[in-house]
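Reading through the structure tokens given below for one structure.
Please treat every number below as a calculation from the coordinates, not as lab data. Fair warning: this is a prediction, and the values are worked out from it, not measured in the lab.
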């Protein structure tokens, strides 16, 4: 596949880019070089390569969830400046 000037101008229009004639020539050449590399990749036999989402293996770094006892209401509210039963008491914000 080869891109022409019109395709590059169309992509620039979609991306809201104003390109000079020199930039259009330059990008046409550069994008065609990139596409040539993709064509080389298409020639490789990848039938024995398993599909991957990452180049290196990824593993979850989080610990397992374990049920543990939580704080009692008295312990949780021990440092509260004001409380009402088992709740924090705060000043009214909306009137």
**Cα gyration tensor shape of the stretch 27-75, rounded if a/c is under 1.5, else prolate or oblate by comparing a/b with b/c** = oblate
**Message:** Test of understanding: in a Gaussian network model of the chain with alpha carbons linked when under 10 Å, which of 22, 64, 85 would top the mean-square fluctuation ranking?
**Reply:** 85
**Listed residues 35, 13, 71, most fluctuating in the chain (Gaussian network, C-alpha, under 10 Å)** = 71
**Item:** Rg over Rh [alpha-carbon atoms, Kirkwood Rh] for the chain
**Value:** 1.45
**Fill in**
In degrees rounded to 10, the 0-90 angle between helix 5-14 Cα long axis and the longest Cα principal axis of the chain is 20
**Asked** Hey, what angle do you get for helix 21-42 against the long axis of the chain, alpha-carbon based, 0 to 90 degrees rounded to 10?
**Response** 80
**Asked** Per-residue ellipticity at 222 nm for the chain, helices alone: DSSP H runs ≥ 4 residues times -39500 (n - 2.57), over residue total, nearest 500 deg cm²/dmol?
**Response** -12000 deg cm²/dmol
**Most mobile of 57, 29, 84 in a GNM of the chain (Cα contacts under 10 Å)** = 84
